[in-house]
Amino acid sequence: MIKIIHCADIHLGSKLEAKLPHEKTLERRKEVRATFSRMLEYAAKEGVRAVIIAGDAFDSDRPLKKDKEFFYDAVKAYPQIDFLYLRGNHDGDETSGGNPPENLKLFGADKWTSYFYGNVTVSALEITACNAISMYSTLSLNPDCINIIALHGQTGEKAGAGKIKLSSLRNKNIDYLALGHIHSYSEGKLDERGRWAYSGCLEGRGFDETGEKGFVLLEIEDGVKSTFVPFAYRNIAEITVDITDTANDFEAFCRIREAALCSEKDLLRVNLKGEISYDNETLAADAEKFLINRCYFISVKNNTVRKINAEDYEHDLSLKGEFIRGVIANEEYNDDEKRRIISAGLKALSGGEVE
Amino acid sequence: MKLLSLHIENFGKFQNFDFNFNDGITCVFGENGFGKTTVAAFIKSIFYGLPDQRGDKFNERKRYYPFNCGKFGGYVRFEKDGEEYRVERVFDKKSSARDEMKAYRNGAPTDELGAVPGVTLFGLDENSFIRTIFINSDDVEVSAASGISAKLNNYLDGTDGENNFETALNKLDKARKNYKADRGGGGKISEQNYKITALRSELENLQSVYDGLPAQYAAFKRLSDETALLEERAERARASALSAQQWDVYDGFCADADAEAAKLKNLEGKYPSGIPSEEDTETLGELLQKKSEYENRLKSAVMSEESCARLTCLRDKFSIGAPSLEEIEQAGENIKKLVALEAEIQAGARIKEKTVLAENAGLTDVKAFKPLPFIITAVVAFLTVAGGIASVFFNIVAGISLISVGAVTLIGDGFLYLLKKIEKPQNPVYTAELISDAESEALTANKVSERDKLSFELKAFFDRFGISETDFHESYLNLKDDLRKYSELCAEEEKRNKEEKEVSANLNACIEGVKEICEKYGVLNEPYLVYRTFERDREERERLIKSLAALKERAEKYREEKKLTVREEFCEDLKEIAEELKAKREALISLNRQIFTDEAEVEKLSEKQTALNDALEYLKILKDRHRIIEAAERELENAEQKLKDRYVAPVKDKFLEYAAQTEESLGKDISMDKSFRVRFDRRGELREDGHLSAGQRSVYALCLRFALTDKMFEKESPFIIMDDPFVNLDDEHMKKVAKLIKQLSQDKQFIYFYCHESRKI
């Protein structure tokens, strides 16, 4: 049995979208590297023969020297494993330049490149504007072999640069289509013979990359058995909490705390929604402070709206009523603006400090 | 809109009470306690409900809860827009949630009046209703006490505080300026702009660092390559230096070999005829050895001085000729005879001549005593005893046995030794046989003669050799010994002479041989020294040859081992390269450090970009908040203006119209602010209503309310409930007011409760 790991979108040297504090940003960068190293330890321990990197090993086509050195050193450390590296849209010429280790095998953009492991063939091609259409017709695979194809791009029904037309890859004797570009694991049936899968990234980098992250372990004997292995050091989660019925910010914090079921290692985004009848300008920042020790990092987005019962003031003949009616009638404002203007006006009229 | 009738099931003191309203004015007269306020409150409760009863608070629900605890409520009939409505309410004792309300239009149930018919019908909430068209006696009294102007202000303002608008405006203004000052660069927005400018500057710097990285990478690569080349050169130079060193070592080895070769050559130079061969050397050695042997033999061939002296002496002794052995033997026989004769003669008896020769040295058999066996036996016995003593320590029986055996043996041996010693004969023993006297005399004479003859002959014989002793036996023994010695010495001399001759010949041959070899190699030193020299030189030569071979082999082996083939003609200066390499490496390290630092900075790029985005986003939020506050400020001012435009001006006009009809003293020169606060011009000075009398204030308040009502309900004026509001008016003013109300009642319905005939309209 041959074992192969399919991973992608490691994004070494990536900026982190979670808007972490500087120290945590540095820590997360190290963790992204550490997870990659840990995956290689896992590969060595499991006797993996090859690691397919289906694109975007680096975050930039001009990777930093230290990131490149780290990648090469990591590859060199496991000479028994072949690293089949398909460059992605974030990788450039420099990502594989210099003096690559011997066990770092590259794929080109000119033609399909294949590597053979017994009856297992791993083929890949960098999708460019030039080959985006022709690549499907130039793919020829031995039906008697177990064929693994690696590509980097967005699947869809159209062909093009950075696009993968799945329907054109059907009935091509593909057993497993190892894809990169999408940062979450997903998989599906390609045709009667093969399946496709995005491995996702190894570590989520922002709140747009929530959910389990890891790689796909391929165990190949008579066929290909693929298993997603969750491997991220930290999980990134996003929840939405409706705080409509809360009477004040403390009640809102308690409700968020009840909903925020995460471990201390996780990164959590809380989206607040609902209509509230108290001041909400600093609610998000206050909630973050309230829950600061709940997990590794918490971000609260306040999408609540100030509750204004306009009908309550419809027949109010006072200045307040006139003010509210005037704001509501003003078509220059959208609903949110109207709520906020009214909120500010009412706070001023009630003698409170406007922020 | 006008009220038609009401029916009170139970409400306060009223039970099953019905009342019909007129068009225009409906005056309800009653003494105090009649229930005028209860009726007014009932009408209000039908349109607005009653507040919940919480705790022991005394409110209208508690106040008007029926005295008889019957069904709490009733209905009101009214007409609006030509339609007849009836609104029925049954109140719970405490909660409005359990109240029941039914509305009918033209007898049919309807929900068009909503949950609060008053709001639907009048467009006023309950408080506004109370402050405008529901004028109860308490309010009038309150107005009279605290000023109707303040009441109207409250109505319009809805909040406490006389300067609410100004306060609110100030708050908003302050908040707005907190974001953006009207003048200068203060405010959060400016601060944020500064922050953004700073961040952009940082980003530009970081971007320039980032943009500079490729050049640094290229420089790093160039330096790395140069360093690698230098390292190669250094390696080559090091190899060359090493090679040179190795060549030096090799040359040293060769020099050693050459030195050895020179020594060899020098050695061989000593021998023009060639180095002495092994054979010659061995021959020379042998010759010298033989020579030495011959010389020794020659030396040993010479007889000792003692022997020579003895020989000379003996030769002198036997100068006339040495006796033969027969002569010696004969002399010995004669001596024996002489002795025998002498013995016979001396004995005087017939002696039967029988001579038995006992033991005598050289003449008879003598058994020699031999002590060796006894010594051996004694030693064995002694050892046995010693062994026995030693054995006692191990085995006492065996030890004692051995000691006993040894002791017995030792004693026996001693005894036998002594016995043997005693038995040993010391002198010759002669044995004679006695004969007869005659015969003895005859015999004696013969014997004497014979003795003398023999003595003579013996004496002559010994005289020949210079021996004059009388003891013939001793002379015989001496002569015999001398003769033997002489023979021996002569034989020895002859032998030695022969040997000397022979050895001398050999010695001469050896000397010739040595000489020949020495001459062959041109060496004229002492032969033995020559031989030693030959030997040493030969050994030295062999050593030198071996050494030379070894040195050559070492040199060649070293050369092969170090793979020294060609001497490099040019060898770079390693020191110079090392210095250059050191400089390159330092530059590389420095550049690497710089790259590391720059990369660390560049890693902040995304954070700074995020910070900039956040700052921009926050600026947007600040601007948005500023805009919102600005809008709130603007809207508040608009609201105030609208309020003014909508109510104040028309209300003022109406107020002046009504005031002119009722109280001229209020004057025409008044000002009315947005809060409907009226100020009266008194000789150029605006005065508050506080300077008015109580009656003037009542008229002023009524006029203001009528003016407000006119403006608020321009389409269809609702009924106006007046619960005895004119208690403070004098008759004159009462008449004017009554006139006004009658006038207004042409198109307004007034429900007027009063408690004194003088207040009748």
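Quick notes
- Qualifying residue in region A:248-262 (condition: touching a residue at least 60 places away in the same chain (Cβ under 8 Å), assigned to a loop (DSSP other than H, G, I, E, B) and out of contact with any Phe, Trp or Tyr (no Cβ under 9 Å at 6 or more places or on another chain)): no
- If the condition is being more than 7 Å from every other protein chain (Cβ to nearest Cβ) and either touching a Leu at 6+ places or on another chain (Cβ under 8 Å) or not polar (S, T, N, Q) (or both), then region A:334-355 contributes A:Asp335, A:Asp336, A:Lys338, A:Arg339, A:Ile342, A:Leu346, A:Lys347, A:Gly352.
- Condition check for B:Tyr179: crowded, with 18+ Cβ neighbours inside 10 Å, within 30 Å of B:Ala639 (Cβ to Cβ) and of a type in the set (Ser, Thr, Tyr): yes
- Tally of residues being aromatic (Phe, Trp, Tyr) and more than 14 Å from chain A (Cβ to nearest Cβ) across region B:703-722: 2
- Of all residues in region B:579-601, those that are β-branched (Val, Ile, Thr) and exposed (fewer than 13 other Cβ atoms within 10 Å of the Cβ) total 2.
- In region B:675-761, counting only strands (runs of 3 or more DSSP E) that sit wholly within it, the ones holding 3 or more residues that are in contact with a Leu (Cβ under 8 Å, 6 or more places away or on another chain) span B:678-682.
- Residues (surrounded by fewer than 19 Cβ atoms within 10 Å (Cβ to Cβ) and at the interface with chain A (Cβ under 8 Å from one of its Cβ atoms)) located in region B:111-130: B:Gly123
- Among the numbered conditions (1) under 60 Å from the mean Cα position of the chain (by Cα); (2) in a helix (DSSP H, G or I), the only one that B:Lys563 does not meet is (2).
- Filter result (without any contact (Cβ under 8 Å) to a residue 60 or more places away in the chain and within 14 Å of chain B (Cβ to nearest Cβ)) within region A:22-60: A:His22, A:Glu23, A:Thr25, A:Leu26, A:Glu27, A:Arg29, A:Lys30, A:Arg33, A:Phe58, A:Asp59, A:Ser60
- Search result, residues across region A:300-327 that are closer than 20 Å to B:Leu172 by Cα and either within 10 Å of chain B (Cβ to nearest Cβ) or among the polar types (S, T, N, Q) (or both): A:Ser318, A:Leu319, A:Lys320, A:Gly321, A:Glu322, A:Phe323, A:Ile324, A:Arg325, A:Gly326, A:Val327
- Residues being assigned to a loop (DSSP other than H, G, I, E, B), touching a strand residue (DSSP E or B) at 6+ places or on another chain (Cβ under 6 Å), on the phi < 0 side of the Ramachandran plot and without any contact (Cβ under 8 Å) to a residue 40 or more places away in the chain - total across region A:159-176: 2
- Checking region A:303-324 against the condition returns a match, with at least one residue being assigned to a strand (DSSP E or B) and within 28 Å of B:Ser128 (Cα to Cα).
- Candidates A:Ser343, A:Ser299: the one that is part of a strand (DSSP E or B), touching a residue at least 60 places away in the same chain (Cβ under 8 Å), more than 23 Å from B:Val116 (Cα to Cα) and polar (S, T, N, Q) is A:Ser299.
- Cβ pairs under 8 Å, 6+ apart, first in region B:584-602 and more than 25 Å from B:Leu203 (Cα to Cα), second among the aliphatic types (A, V, I, L, M): B:Lys584/B:Leu223; B:Lys584/B:Leu230; B:Ala587/B:Leu223; B:Leu588/B:Leu223
- Looking only at residues in region A:163-182 that are of a type in the set (D, E, K, R) and farther than 17 Å from A:Thr121 by Cβ, the one that is surrounded by the most Cβ atoms within 10 Å (Cβ to Cβ) is A:Lys165.
- Boolean, B:Glu657 is in a helix (DSSP H, G or I) and more than 17 Å from B:Arg705 (Cα to Cα): no
- Members of region B:644-698 found to be basic (Lys, Arg) and more than 14 Å from chain A (Cβ to nearest Cβ), listed by number: B:Lys652, B:Lys654, B:Lys668, B:Arg679, B:Arg682, B:Arg683, B:Arg687, B:Arg697
- Matching residues in region A:177-221 - criterion: being more than 30 Å from A:Phe297 (Cβ to Cβ), in contact (Cβ under 8 Å) with a residue 60 or more places away in the chain and of a type in the set (Phe, Trp, Tyr): none
- Every residue from region B:628-686 that is of a type in the set (Lys, Arg) and surrounded by 14 or more Cβ atoms within 10 Å (Cβ to Cβ): B:Arg634, B:Lys642, B:Lys644, B:Arg646, B:Lys652, B:Lys654, B:Lys674, B:Arg677, B:Arg679
- Identity of the residue in region B:77-94, basic (Lys, Arg) and over 15 Å from B:Phe19 (Cα atoms), that ends up surrounded by the most Cβ atoms within 10 Å (Cβ to Cβ): B:Arg89
- B:Glu601 falls short on exactly one of the conditions (1) away from chain A (no Cβ under 14 Å); (2) in contact with a helix residue (DSSP H, G or I) (Cβ under 8 Å, 6 or more places away or on another chain), and that condition is (1).
- Of all the numbered requirements in (1) within 7 Å of chain B (Cβ to nearest Cβ); (2) free of Cβ contacts under 8 Å to residues at least 24 places away in the same chain, A:Lys289 misses one, and that requirement is (1).
Quick note: the coordinates plus some simple rules give every number you see, no bench work behind them. Just so we're clear, the structure is a prediction, and the values are computed from it rather than from any experiment. We place every Cβ from the backbone using ideal geometry, glycine too, and count neighbours over all the protein chains shown.
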